[in-house]
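Here is the structure we will look at, set down as structure tokens.
The values are calculated or read from the model by the stated rules, or taken from the named source; none is laboratory data. Everything quoted here is computed from the prediction, not taken from an experiment. A quick note on method: Cβ atoms are made from the backbone with ideal geometry, for glycine too, and the neighbour counts reach across all protein chains shown. The accessibility values were calculated without ligands, DNA or RNA, using every heavy atom of the protein model including side chains. Shrake-Rupley method; radii C 1.70, N 1.55, O 1.52, S 1.80 Å.
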Amino acid sequence: MSTTQSPNASASGLEGVVVADTLASDVDGARGRLVIAGHDVETLAFTHTFAQTAALLWRRPEEGLERALGEARARAFALLPRLGDALGAPDGMDALRASTAHLGADFDGPEALTGALAVLASAWARLRRGERPVAPDPSLGHARDYLRMARGRDPSEPEARALDTYLVTVSDHGLNASTFTARVVTSTGSDGVSAVVAALGALKGPLHGGAPGPVLSMLDAIGEPDGAVPWLEAELARGRRIMGLGHRIYRVRDPRAAVFERAVEALEAHGVATGRLPLARAVERAAVGILRERHPSRALHANVEFYTAVLLDSLGLDREAFTPTFAVGRVAGWWAHILEQRAVGRLIRPASRYVGPGGASPSPAP
Ligand code: COA
């Protein structure tokens, strides 16, 4: 006789399940260490450009990559008039997903799609402000040109460096939800554009890449360090989670948070007005303390999104553009995994356990 159970009874979220071998990155959640393509993130983020990091991830020569990305940006910009209303969506990730879906087989490659995403994300950022998209300058570095296109003015050297730091730091992070999604789609033999469209859908969610905009809104709502505790308590009393806190893998502070703090400090040292760092630090301290009391057995610390909000805001990007900017960096990692998955060539097809009535088999369905 079969008994019906809650469908949530076995909802493990695949925690700890190894699905792939990879050369892209390694996350040590207990020690708070992130290695991307053999380099500690704290070093890579300040010594490599985004294109140099992409070359490491794609295991291709660095030479010629900036040029290939620039050419891809120019090709994507020429396509904008043919995208219909795809970039008219109010949500940046909806717009990025819809516009990326328009790309054809000639964008099915790491350089082409990485170049295209920077153009689509920046064009959307301009259009939502009622401004015309800015054409790429293929002679510029990828990070600098993205910031220039998104803001409509040339960044200073320290600003361009800070965006490189951001894009390098978020380029890959183990088998996170969007990367796993890209691998699943690739494993079916589908194309790279489809894999990236699906990954964009996964990245959009607030439990993955959708948190940094809400983090900035939280800092705005709190206003002053003294306001942190009451605001956070009220949020938790409403049954909400604190955005930018907690992580599936890290049991200590996310190492990327420290990288972004350092990047904001470097901007301040160059006279860029950033402003929010003291408040962010006070809110982080308060949130960690409150969450420690509520969840003594579950260490909840700041994750990548917490200081993403402060860094990207300091660079003059609108909060609505934060998650699309995350995609502009993470697409490098998606492609590293797409290429690896193509080489593996085996369908990813896990099993579910049927807990309803009239089951046909005592074991997981084939
Ligand atoms: N605020 C409040 N409580 C939190 C929390 C947060 N940010 N993150 C986790 N918790 C609580 C959960 O409610 C849960 O409590 P319970 O056991 O009483 O139900 C407990 O901590 C364990 O959380 P769990 O849901 O098992 O963690 P997870 O590994 O599934 O989730 C995140 C990881 C990132 C999805 C989660 O920490 C979260 O939602 N953070 C906020 C969103 C965010 O910052 N996203 C960006 C991620 S990089």
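Structural remarks
- Check on PRO110, over 19 Å from the mean Cα position of the chain (by Cα), at pLDDT 95 or above and in the same structural domain as ALA327 (by TED's automatic domain parsing): no
- THR308 vs. criteria in a helix (DSSP H, G or I), assigned by TED's automatic domain parsing to the domain that holds TRP58 and within 16 Å of the ligand (Cβ to nearest atom): no
- Taking the stretch 262-301 as the range and being more than 16 Å from the ligand (Cβ to nearest atom), under 17 Å from MET243 (Cβ atoms) and touching a residue at least 24 places away in the same chain (Cβ under 8 Å) as the test, the residues that pass are ARG276, LEU279, ALA282.
- Yes/no for LEU127 being open to solvent by less than 10 Å² (accessible area, probe 1.4 Å) and either among the acidic types (Asp, Glu) or in a helix (DSSP H, G or I) (or both): no
- The condition (being of a type in the set (A, V, I, L, M, F, W, C) and either crowded, with 22+ Cβ neighbours inside 10 Å or at pLDDT below 95 (or both)) is satisfied by just one residue among ALA74, ALA78, ALA54: ALA54.
- Residue in the stretch 246-260 that is within 16 Å of the ligand (Cβ to nearest atom), free of Cβ contacts under 8 Å to residues at least 60 places away in the same chain, acidic (Asp, Glu) and surrounded by 18 or more Cβ atoms within 10 Å (Cβ to Cβ) present: no
- THR169 buried (at least 22 other Cβ atoms within 10 Å of the Cβ), modelled with pLDDT of 95 or more and more than 16 Å from the ligand (Cβ to nearest atom): no
- Restricting attention to the stretch 202-240, the residues that are modelled with pLDDT under 95, open to solvent by 20 Å² or more (accessible area, probe 1.4 Å) and within 7 Å of the ligand (Cβ to nearest atom) add up to 3.
- Residue in the stretch 297-316 that is more than 25 Å from LEU34 (Cα to Cα), open to solvent by less than 60 Å² (accessible area, probe 1.4 Å) and within 22 Å of the chain's Cα centre (by Cα) present: yes
- Test: residue in the stretch 132-145 that is open to solvent by 50 Å² or more (accessible area, probe 1.4 Å) and within 18 Å of LEU203 (Cα to Cα): no
- Within the stretch 6-34, residues that are in the same structural domain as ARG298 (by TED's automatic domain parsing) have Cβ atoms under 9 Å from residues that are modelled with pLDDT under 90 and exposed (fewer than 15 other Cβ atoms within 10 Å of the Cβ) in no pair, counting only partners at least 6 apart in sequence or on another chain.
- Within the stretch 102-149, the set of residues being of a type in the set (Lys, Arg) and touching a residue at least 40 places away in the same chain (Cβ under 8 Å) comprises ARG128, ARG129.
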